[in-house]
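Down below is the structure, laid out as structure tokens.
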Amino acid sequence: MLSRETDEMTTAQAGELYYDPYDYGIDADPYPVWKRLRDEAPLYHNEKLGFYALSRYDDVLAGLLDHETFVSSHGITLEMISDEPAGIPMMIMMDPPEHTRLRKLVSRAFTPRRIQALETRITEICSELLDPLVGAGQFDYIVDYAGLIPPTVILALVGFPPGLASEFRATVDSSMHFEEGRDPTAIGAERRENRSVTDLSGIFTMLPDLMRQRRQDPKEDLISALVHAELDDVDGASRTLTDQEIMGFVRLLSTAGSETVVRLLGFAGVELARHPDQRELLLADPGLIANAVEETLRYEAPSPIQGRWVARDVELHGTVVPRGSKMALLNASADRDERHFPDPDRYQVRREIDRHLAFGYGTHFCIGGALARLEGRVALTETLKRFPRWEIDEAAVQRIHTTTVRGYTNVPFTPAV
Ligand code: HEM
């Protein structure tokens, strides 16, 4: 009797398995539904919204590695993907060999050695932001601190004048916002319409001028490198980049290089408050902070879903997914897969992580991984130095709603006195 009741209760609680990536409620805590996908529907099909999803670690990894079946050139967010190539001049939405040529051009700027040279400057930026907050009582960890570090760093690397971090964040946050209840297909169509990249807004209106200036008077920044770069073209000849390609690069690097890192820092601030025992480990041994960044990325991936267009029929878990389908590779679910990580729902700064998928994998593996890791380590180190213990006002925490990044916009932070 008891066991039948328990069974009935479990079934009732479990309910229909339905995953809607646009649902704010699910987005706030997607882990229970992702666990059910991994256990009950490792190849999930949402007929209403028209997409498939892979959620287990091994499947997501294999999907990320197979760029011939799961292509990026038709768009990388589900609502944007269609049977036509997106035609957006950003390498994240290109496939080899075009992607390979463009990636080669900028990868030199992001090698671990080049990035390591930025540590002193990033430490200064963190100190300038945090010092005035010491003794000031409650502040917002994102608005007053974490939200300003990544845009300050990436905009300087790209070549924008200083002082634009707040304006830039406002432009990007509003352009990425997804209003619940809106038809995702309409949003996807709008984003594809915006494909020209020359439709500039916010700080990007400065780009044509900056490009002109750097053509005449190059500096040590990415805009200078891009306007003077020679690209190996398909026929073996070389050519300079078009204005559209340069603008695409600048927009991609500025946006990808700031939004995600802000979310990583927000997650770290919140999870360390929720797990004071783990924070004590970092205070006792700051050498663990780099690993805490990895664990935070595994535990709460800032970019949790990688969308792909299926370029050929593929059989997965006994079902043929036809060419032309949309596929969601749920890398954040993969990083909580108990088939790969023991006790995956525990946040443990000492965890040994062989490979998490928060930066994707394979062809499009995040080019800014070393920079994100450095910013994460330095920002947390400087926080812990000044504020060894803190609490978060959980009721007042707010989230961003987009179809690409996931995380917080507001994290009220009260230092312990
Ligand atoms: C915690 C921070 C970050 C996370 C979680 C993150 C995550 C990701 C993921 C998942 C991808 C793969 C996308 C795909 O497979 O379609 C990616 C690609 C990319 N990321 Fe990041 N990223 C972060 C920081 C950065 C930074 C700091 C930069 C600045 C340069 C950056 C620039 C890029 C670019 C340009 C790509 C496209 C690479 C390609 O297509 O070859 N990201 N990132």
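Applying the criterion of at least 1 residues that are within 30 Å of Val349 (Cβ to Cβ) to the helices (runs of 4 or more DSSP H) found wholly in segment 190-297 leaves 243-274, 276-284. Looking across Ile81, Ile142, one residue alone is crowded, with 18+ Cβ neighbours inside 10 Å and assigned to a helix (DSSP H, G or I). It is Ile142. Taken over segment 347-386, the residue count meeting the criterion of being touching a Gly at 6+ places or on another chain (Cβ under 6 Å) and of a type in the set (S, T, N, Q) is 0. Considering only residues in segment 98-127 that are within 13 Å of the ligand (Cβ to nearest atom) and part of a loop (DSSP other than H, G, I, E, B), the one that is surrounded by the fewest Cβ atoms within 10 Å (Cβ to Cβ) turns out to be Thr111.
If only residues of segment 38-55 that are free of Cβ contacts under 8 Å to residues at least 40 places away in the same chain and part of a helix (DSSP H, G or I) are counted, the one that is surrounded by the most Cβ atoms within 10 Å (Cβ to Cβ) is Asp39.
Against the condition in contact (Cβ under 8 Å) with a residue 60 or more places away in the chain, buried (at least 18 other Cβ atoms within 10 Å of the Cβ) and over 28 Å from Pro42 (Cα atoms), how does Arg336 come out, does it pass? No, not satisfied.
In segment 318-348, the residue that is nearest to Gly75 (Cα to Cα) out of those that are of a type in the set (Ser, Thr, Tyr) and part of a loop (DSSP other than H, G, I, E, B) is Ser325. For segment 310-334, the tally of residues that are of a type in the set (Gly, Ala, Ser) and at positive phi stands at 2.
Results for (1) modelled with pLDDT of 95 or more; (2) within 28 Å of Lys104 (Cα to Cα); (3) of a type in the set (Val, Ile, Thr); (4) more than 13 Å from the ligand (Cβ to nearest atom), shown as yes or no for each residue.
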{"residue": "Val320", "(1), (2), (3), (4)": "yes, no, yes, yes"}
{"residue": "Ala332", "(1), (2), (3), (4)": "yes, yes, no, no"}
{"residue": "Arg336", "(1), (2), (3), (4)": "yes, no, no, yes"}
{"residue": "Phe341", "(1), (2), (3), (4)": "yes, no, no, yes"}
{"residue": "Pro344", "(1), (2), (3), (4)": "yes, no, no, yes"}
{"residue": "Val349", "(1), (2), (3), (4)": "yes, no, yes, yes"}
{"residue": "Asp354", "(1), (2), (3), (4)": "yes, yes, no, yes"}
{"residue": "Ala372", "(1), (2), (3), (4)": "yes, yes, no, no"}
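Within segment 98-118, is even one residue among the small types (Gly, Ala, Ser), at pLDDT below 95 and over 30 Å from Lys385 (Cβ atoms)? Yes, some residue in segment 98-118 is among the small types (Gly, Ala, Ser), at pLDDT below 95 and over 30 Å from Lys385 (Cβ atoms).
Pairs are defined by a Cβ separation below 8 Å, a sequence spacing of at least 6 or placement on different chains, a first member in segment 280-308 that is free of Cβ contacts under 8 Å to residues at least 60 places away in the same chain, and a second member that is among the polar types (S, T, N, Q); the pairs so defined are Glu295/Gln348. Number of residues in segment 375-417 that are modelled with pLDDT of 95 or more, within 13 Å of the ligand (Cβ to nearest atom) and surrounded by fewer than 21 Cβ atoms within 10 Å (Cβ to Cβ): the value is 1.
Taken over segment 56-68, the criterion of being aliphatic (A, V, I, L, M) and crowded, with 23+ Cβ neighbours inside 10 Å is satisfied by Val60 alone.
Taking every residue in segment 137-163 that is free of Cβ contacts under 8 Å to residues at least 40 places away in the same chain and pairing it with any residue that is β-branched (Val, Ile, Thr) and outside any strand (DSSP E or B), at least 6 positions away or on another chain, the pairs with Cβ-Cβ distances below 7 Å are Thr152/Ile125. A Cβ distance below 7 Å, combined with a sequence gap of six or more or placement on separate chains, defines the contacts here; from segment 62-88, residues that are closer than 16 Å to Leu357 by Cβ reach residues that are more than 12 Å from the ligand (Cβ to nearest atom) and modelled with pLDDT of 95 or more in the pairs Gly63/Leu54; Phe70/Val310.
Note on segment 15-37: among residues that are within 23 Å of Met80 (Cα to Cα) and aromatic (Phe, Trp, Tyr), the one that is surrounded by the most Cβ atoms within 10 Å (Cβ to Cβ) is Trp34.
The values are calculated or read from the model by the stated rules, or taken from the named source; none is laboratory data. Fair warning: this is a prediction, and the values are worked out from it, not measured in the lab. Note that each Cβ is placed from the backbone with ideal geometry, even for glycine, and that neighbours are counted across all protein chains shown.
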